[in-house]
Amino acid sequence: MAQRQRLIDSPPEQVWDVLANPRSYAQWVVGTQDVLDADDHWPEVGARLRFLVGFGPAALEDTCVVRICEPGRRLELEAAAAPFGTARIAFSLIPWDRHTLLILDEHPLRGLGARLENPLTEFVLHLRNRRLLTNLARNAAHRGAPG
């Protein structure tokens with residue numbers, strides 16, 4: 001299981017605005033090339049997001065579904081990454097003075113990824129999620145910037 005946390009210099013409302021905007025995912029989710037489609041009721045439970053994931057010309061179309069949504073506090077997604085299976089991706093937002101302590105918890109649920117989980121794959125996931133949190137923090141800061 002890969003869990004990371006980051007203190008983000010933006011209030012929880014700004015961080016939540018980023019998570020609640022499905023069109024922003026390609027800006028901060030590492031490996032996402034483009035958002036293809038999102039249900040109008042995102043991020044309500046059951047809403048789907050379709051996106052392209054990959055690097056360079058190697059891209060696959062994947063989806064994620066909202067499994068738990070507590071607006072402003074918690075968002076849990078199940079991402080399907082064919083042919084690797086599915087993963088649980090959970091974001092918890094904790095108010096921390098005028099900032100947000102964001103906890104990201106990601107681990108494989110089903111399929112090849114769950115069967116092949118090992119220290120090396122966890123290490124790679126930690127590196128990816130460190131970059132993801134940096135990107136998310138930058139995106140949240142831009143939402144709060146004047147102008």
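The values are calculated or read from the model by the stated rules, or taken from the named source; none is laboratory data. Note that the coordinates shown come from a computational prediction; the quantities given were computed from them, not determined experimentally. Neighbour counts are summed over all protein chains in view; Cβ atoms, including those assigned to glycine, are modelled from backbone coordinates with ideal geometry. Surface accessibility is based on the protein's heavy atoms, side chains included, excluding ligands, DNA and RNA. Shrake-Rupley method; radii C 1.70, N 1.55, O 1.52, S 1.80 Å.
Quick notes on this structure:
- Test: Arg73 is free of Cβ contacts under 8 Å to residues at least 40 places away in the same chain and not β-branched (Val, Ile, Thr): no
- Test: residue in the range 48-61 that is among the charged types (D, E, K, R) and in contact with an Asp or Glu (Cβ under 8 Å, 6 or more places away or on another chain): yes
- Extreme residue, least open to solvent (accessible area, probe 1.4 Å), among residues of the range 46-58 that are at pLDDT 95 or above and outside any loop (DSSP other than H, G, I, E, B): Leu49
- Residues being part of a strand (DSSP E or B) and surrounded by 18 or more Cβ atoms within 10 Å (Cβ to Cβ) - total across the range 7-21: 1
- Within the range 22-42, the set of residues being open to solvent by less than 30 Å² (accessible area, probe 1.4 Å) and within 12 Å of the chain's Cα centre (by Cα) comprises Pro22, Ser24, Tyr25, Trp28, Val29, Gly31, Thr32.
- Restricting Pro43, Pro12 to those that are in contact with a Leu (Cβ under 7 Å, 6 or more places away or on another chain), within 22 Å of His107 (Cβ to Cβ) and modelled with pLDDT of 95 or more reduces the list to Pro43.
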